[in-house]
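Laboratory data are not the source of any read-out in this text; all were calculated from the coordinates shown. In this text the structure is predicted, and so the values were computed from the model without any measurement. Using ideal geometry, Cβ is built from the backbone for each residue, glycine included, and neighbour counts are taken over all protein chains shown.
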């Protein structure tokens with residue numbers, strides 16, 4: 001046996017559970033990449049409008065499909081998560097909220113904010129337009 | 001003790017020798033995208049199922065065209081900056097890395113510029 005003494009061990013990756021901050025950090029990057037795909041979808045939608053009424057009609061019909069709705073829901077969720085967590089990053093950049101308890105607290109706030117804003121948007125969407 | 005000024009010390013730092021400009025541009029676009037994103041989500045909800053004329057009329061209402069161009073511009077700029085960091089973190093082979101970075105920049109520019117031109121075309125078109 002190697003003498004490990006009281007030294008800290010590096011995380012044992014198969015059994016290591018990421019702390020909340022780690023999960024959110026990973027999610028920030030993942031949602032960022034997902035939103036890049038969403039940006040391409042947005043570009044398609046705008047360009048369809050420039051192409052003419054028929055192309056735009058097609059694009060709008062495509063957006064109404066259940067699978068597109070699923071993607072749009074994912075993008076809404078990703079957008080609000082990336083936005084809320086982005087605010088958290090901006091506070092960190094200003095040197096605010098860097099204590100562990102504060103990081104955990106703001107992490108939960110980000111999750112709550114993300115879910116509330118996403119639900120609110122989709123309720124507004126379906127409430128307004130059915 | 002160094003006689004160099006603080007500014008002189010940070011200028012040209014980092015692997016790309018561009019100092020803090022990438023970091024700063026990412027924060028600026030992030031701050032710009034905060035209000036613009038809320039505005040865009042609200043607008044998108046109101047544009048569900050709208051037809052071509054409806055979209056054109058919406059673009060010509062109030063400051064919608066300007067805000068839409070600002071949103072698309074900041075979005076694709078922010079996207080390019082973010083994906084650049086992801087590429088720099090995970091792609092290590094020099095040729096692959098440079099190719100991906102250039103491709104990332106060109107794709108972002110292409111979609112950003114084409115979207116802005118498309119918005120102008122719809123708004124000012126007949």
> What's the angle, to the nearest 10 degrees (0 to 90), between helix B:64-90's Cα axis and the longest principal axis of chain B?
Replying inline: 30
> What is the helix-to-structure angle for B:94-124, meaning the angle in degrees between its Cα long axis and the longest Cα principal axis of chain B, kept from 0 to 90 and rounded to the nearest 10?
Replying inline: 30
> Going by alpha carbons, how many degrees (0 to 90, nearest 10) lie between the helix axis of A:66-93 and the longest principal axis of chain A?
Replying inline: 50
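Please compute the average number of Cβ atoms from other chains found within 10 Å of each residue's Cβ in peptide A:111-122.
Working: counts 0, 0, 0, 0, 0, 0, 2, 1, 0, 1, 5, 1.
Mean shielding by partner chains, rounded to a whole number: 1.
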> When only C-alpha pairs under 8 Å and at least 6 residues apart count, what is the relative contact order of chain B, in percent?
Replying inline: 27
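Taking each residue in B:49-61, count the Cβ atoms of any other chain within 10 Å of its Cβ, then average. What number comes out?
Numbers: counts 6, 4, 4, 11, 2, 2, 8, 3, 0, 0, 2, 0, 0.
Per-residue shielding by partner chains comes out at 3.
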> So what's the protein assembly as shown giving for Cα Rg divided by 2.2 N^0.38 Å, two decimals?
Replying inline: 1.19
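Based on the mean of other Cβ atoms within 10 Å per residue, sort peptides A:7-20, B:84-97, A:36-49 so the most packed one is first.
Values: A:7-20: 8.2, B:84-97: 12.2, A:36-49: 19.4.
Ranking the peptides A:7-20, B:84-97, A:36-49 by packing returns A:36-49, B:84-97, A:7-20.
Show that you can apply the helix-only estimate: for chain A, add -39,500 (n - 2.57) for every DSSP H stretch of four or more residues, divide by all residues, and state [θ] at 222 nm to the nearest 500. Let's see the in-between values first.
Numbers: 4 runs with 102 residues, N = 130.
Mean residue ellipticity at 222 nm (helix-derived): -28000 deg cm²/dmol.
Averaged over B:111-121, how many beta carbons belonging to a partner chain fall within 10 Å of each residue's beta carbon? Don't skip to the answer; put the middle values down first.
Numbers: counts 8, 2, 1, 4, 9, 2, 3, 8, 4, 1, 5.
The shielding value for this peptide is 4.
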> Over what distance in Å are the Cα centres of segment A:69-92 and segment B:58-126 separated?
Replying inline: 18
> Using the C-alpha atoms of segment A:53-130, what convex hull volume per residue, in cubic angstrom, is computed?
Replying inline: 108
> What number, rounded to the nearest 500 deg cm²/dmol, is the helix-based mean residue ellipticity at 222 nm of chain B, given -39500 (n - 2.57) per DSSP H run of at least four residues and division by all its residues?
Replying inline: -26500 deg cm²/dmol
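Given 0.36 nm per residue, what is the gain on full extension from residue B:31 to residue B:5 after removing their alpha carbon distance, in nm? Write out the running numbers ahead of the final one.
Values: separation 26, 0.36 × 26 = 9.36 nm, distance 2.91 nm.
Working it through step by step, the gained length comes to 6.5 nm.
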